[in-house]
Amino acid sequence: MQKVGLNTKLFLFRKNVIYNNFTFYLEKKWKKDRRLLTPAFHFQILDDFFEVYNKNAIIFVEQITLQLTNGSEVDLYPMVSRCTLDVITGI
């Protein structure tokens, strides 16, 4: 049987106390943040943006298709960035 020193016991005790308190804090914070965020993503609110999402998704797919038909490699990062910005700004 392995002996556990006093320092090890103190370390494990402190670790458990800190971990449990931190976990409790995160749960509390998440519940508060979730209450704030949930109304913003209600399906009826998001439904108003359907046309913007749909229009930009069609443009995005057309751009990818055009790149692929040219036989070149497709760098998605700038395309996704532009599409995201267009959706956010509602263009």
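Only one residue in Val61, Val52, Val80 is free of Cβ contacts under 8 Å to residues at least 60 places away in the same chain and touching a Gly at 6+ places or on another chain (Cβ under 8 Å), so which one is that?
So the residue among Val61, Val52, Val80 that is free of Cβ contacts under 8 Å to residues at least 60 places away in the same chain and touching a Gly at 6+ places or on another chain (Cβ under 8 Å) is Val52.
For segment 31-41, indicate whether the set of residues that are at pLDDT 75 or above and farther than 28 Å from Val87 by Cβ is non-empty. Show your work before the answer.
We begin by selecting, within segment 31-41, every residue at pLDDT 75 or above; these are 31-39.
Filter once more, keeping what is farther than 28 Å from Val87 by Cβ: 31.
Yes: one or more hits.
The values are calculated or read from the model by the stated rules, or taken from the named source; none is laboratory data. Just so you know, these numbers come straight off a predicted model, no measurement behind them. As a convention, Cβ positions derive from the backbone with ideal geometry for all residues, glycine included, and neighbour counts pool all protein chains shown.
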